[in-house]
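Asks: Handing you this structure, nothing more for now.
The values are calculated or read from the model by the stated rules, or taken from the named source; none is laboratory data. Predicted, not measured: the structure shown is a model, and the values here were computed from it. Every residue, glycine among them, receives a Cβ derived from its backbone with ideal geometry; neighbour counts consider all protein chains shown. For the accessible areas, the whole protein counts, side chains as well, though only heavy atoms, and no ligand, DNA or RNA atoms are used. Shrake-Rupley method; radii C 1.70, N 1.55, O 1.52, S 1.80 Å.
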Amino acid sequence: MNRSCYLLICFLLVIISSVKAQHFALSRLFYPNVTLKADYSVPSSMNGTQDYGVTRSGFYGIIPIQSEVQLGYSLKKKLDLRAIHTVMLAQFTQIQPTVDGKDIPTNGYKTLSLGVIRLQASIKDRLWVYGGGLGMTETNETFFTPQPFFWGGAARMHILGLRTQIIYGSILAYNQKLRFVPVFGVNKGLGKHWRLSALLPFMANANYKVTKWFNVDMMAGLNGYSGGFQVQTPEEKMLRRENYRHIKVGAAANVHLFSVLNVSLEAGVTTFRQLRTFNSAHENLSSYNPATTPYIGASVRYITSKSGFSSRFTRKLGLGQTGVNW
């Protein structure tokens, strides 16, 4: 997937990655759904003589694999009643960078990733979220010799009334090197129409509910990718790695249709952009800072079902909103 610091969103984006539609709501983790998405960044100058652009398209799914209430033992070895909800996250993304309008690499990068998120609520240990996953971002030439990434983490959630939740924890990730990332998140309802959400240091979002079927997001967040590719010379084939990152600032209009579809249109700018290339020894070969540029995006999310357990679970935790769960 993306560079590990940005891919980690897959772990807490939906609690808060993600997994990866274009906008953000805490309750989405608990409903099985499939999302198709695409975005396009307008090419902009990266070195004064060449323009860099990037297009993404793909899908991800949230698949429930366990929802139950069980009798067990707390961390202090005392008898405890706990509710457990576990989902699988699956993602495929096609990333196509361009330089002066030419596809480089020719067939782009393909990201495949798989993860598991587990939320556990109990009388003794309160509310915890655990997760882990792995994946890769490679070209056709390096697909069978990948450099995989993986992540895992845990976070404690506190429910402060029906309209406020906070979460804090840490993530351990590997993508070319091992990183430890502390995280802090908040989800806060303000009045009848506003909801503020953030997962620091990854993203922040403000949502305004216009009607039961229409709302608007204003968001900012980190994103990027780290993909392997191959350079072929008459003498040998050399492995390279391209790392790209940016900060995305934009707004999205979200519409709920036919009770099972959420359609989102997004636009904004990407800024603080960095593009770097490394060799197999992780030595820096080139570094560019493409100029700030506009982007547009769209997504369609199909909600396959809403189980009674998931609905009751999120409602009691205060994660859902009245009417439609976005």
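Asks: Could you list, in sequence order, all residues of segment 219-268 that are acidic (D, E) and open to solvent by 50 Å² or more (accessible area, probe 1.4 Å)?
Replies: Correct list: E235, E236.
Asks: In addition: Is it fair to say K188 is part of a strand (DSSP E or B), within 24 Å of R276 (Cβ to Cβ) and among the charged types (D, E, K, R)?
Replies: no
Asks: For a quick check of your reading of the model, give me the residue pairs whose first member lies in segment 130-158 and is within 21 Å of A173 (Cα to Cα) and open to solvent by 20 Å² or more (accessible area, probe 1.4 Å), whose second is part of a strand (DSSP E or B) and among the acidic types (D, E), with beta-carbon atoms closer than 9 Å and at least 6 apart or on different chains.
Replies: Listed by first residue and then by second, the contacts come to T145/E138; P146/E138; Q147/E138.
Asks: Out of (1) assigned to a strand (DSSP E or B); (2) modelled with pLDDT of 90 or more, what's the single condition that is false for A121?
Replies: Unmet condition: (2).
Asks: How many residues does segment 80-120 hold that are buried (at least 16 other Cβ atoms within 10 Å of the Cβ) and of a type outside the set (A, V, I, L, M)?
Replies: 18
Asks: Of the residues that make up segment 101-113, is at least one part of a strand (DSSP E or B), of a type in the set (A, V, I, L, M) and closer than 30 Å to G189 by Cα?
Replies: no
Asks: Here's something else I'd like to know. Any idea which of (1) at pLDDT below 95; (2) at positive phi is the one F272 doesn't satisfy?
Replies: (1)
Asks: Which one of these is open to solvent by 50 Å² or more (accessible area, probe 1.4 Å), among the β-branched types (V, I, T) and assigned to a strand (DSSP E or B): V210, V216?
Replies: V210
Asks: Then there's this: Every residue in segment 191-207 that is among the aromatic types (F, W, Y) and either assigned to a strand (DSSP E or B) or surrounded by fewer than 18 Cβ atoms within 10 Å (Cβ to Cβ) (or both), please.
Replies: Within segment 191-207, just W194 meets the criteria.
Asks: So which of F278, F309 ends up being aromatic (F, W, Y) and modelled with pLDDT of 90 or more?
Replies: Selected residue: F278, the only one of F278, F309 that is aromatic (F, W, Y) and modelled with pLDDT of 90 or more.
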